[in-house]
Amino acid sequence: MNAQNPDPGRIVLLTASHRVAPGLLSWPAWQALRAADRVLCPDPGHPQLPYLREAGVDAELLRPSAQELVEACAGGRTVLVLPSGEGDAALTDGLARLAGSGRVTMPDLELLPGSYDLPGARLLDLVQVMDRIRRECPWSSRQTHEGLAKYAIEEAYELVEAIEDGDREALREELGDVLLQVVFHARIAEEDAEEPFSVDDVAGTIVAKLIHRHPHVFGDATAETPEEVKAHWLRTKADEKRRESVTDGVPLGQPGLALAAKLAGRVRTAGLGVAPPTGDGIGYELLALAVRAEAAGVDPEAALRAAGRLYRDAIREAEGVGEGSGAE
């Protein structure tokens, strides 16, 4: 590189996910930090700064303009910039304008991801947003487990409807609404004076349960068929619950057909010779139908909903109303 065309140097923009614990940068990121002639950070509150200082990296608190950054690289110097979590649009836009002007010999520009979001990382955002809403929203801050219970039921039914409709966009949205109920209840639970728990406790409980009930995945047991997997699940569940009756844990408040099918399934699985009661009235007839459906591997609730949908469509056709335009 001669005097008329000095080496324009190099700019490294090092990005780091705010969802990854500070200090957990990749090895290429640490190499770039140590090799740079200057490390600039425009954000004095950047979570990486304490770890850079601890590692002996001298990070200057400076917000350079695009022109200043280009000039700082002159002579073949490498300048690494650590933008804030939201990025630095003014800087990147300024660099783009300089490059497009054709009047400036631009340094090489590298965008170096210092850390990547792990699967499930956006759940941290949800927990953070829910925490703020709980503290600052006049409605959310007053909610209780009891007051929210009806919404959990509604959201579960809306999720089922999205599944049965085959609506992928609605499915994604309704899964989010169900997830919100979990996070909301967990956030409320943190405030309990006697038995507080957090969303981490909720997650830890279900993780431990899943591992224990899948010894064929996390242990030495074997299971080659879905039936063997179910047997493992039921056996470990029985060990956990130590129930006195096969009916323990069956919520009586669920829809009637689902309740009947659940009880019939428990009886069949346990090998109990308990026939459903008989008598006069539609209730006994529905009970018998639900038991028969369960034995045939049919979900009576889903079957009735499917028939109900066809009935609704027939009604709307008779009314001259197009499908899907009615309010739910």
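The values are calculated or read from the model by the stated rules, or taken from the named source; none is laboratory data. All values derive from a computational prediction rather than experimental measurement. Virtual Cβ from ideal backbone geometry, glycine too; neighbours counted across all protein chains shown. Each accessible area value is taken on the protein alone, full model and side chains, heavy atoms only, with ligands, DNA and RNA left out. Shrake-Rupley method; radii C 1.70, N 1.55, O 1.52, S 1.80 Å.
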- Task: For segment 180-196, take each phi angle, set θ = phi - 60°, evaluate the Karplus expression 6.51 cos²θ - 1.76 cosθ + 1.60, and give the result in whole Hz per residue in order, putting x for glycine and proline.
- Result: 4, 4, 4, 5, 4, 4, 5, 5, 5, 5, 4, 8, 5, 6, 9, 9, x
- the chain, accessible area per residue, ligands and nucleic acids excluded (1.4 Å, Å²): 65 Å²
- Over the chain, calculate the relative contact order: mean separation of alpha carbon pairs under 8 Å at least 6 apart, over the residue count, as a percent. 13 percent
- Please identify, among Gly279, Gly265, Gly94, the residue showing maximal mean-square fluctuation in a Gaussian network model of the chain using a 10 angstrom Cα cutoff. Gly279
- Taking 7 Å along the Cα-to-C-beta vector as the label spot, tell me the Glu54-Phe218 distance in nanometres, rounded to one decimal. 3.0 nm
- Work out the FRET efficiency for Glu319 and Leu148 from their Cβ-Cβ distance, taking R0 = 41 Å, and round it to the nearest 0.05. 0.70
- Note on the structure: Ranked by GNM mean-square fluctuation in the chain (Cα springs under 10 Å), the top entry among Ala162, Ala152, Ala318 is Ala318
- Message: At 1.4 Å probe size, with the rest of the protein present, what percent of the exposed accessible area of the chain is carbon and sulfur atoms?
- Response: 56 percent
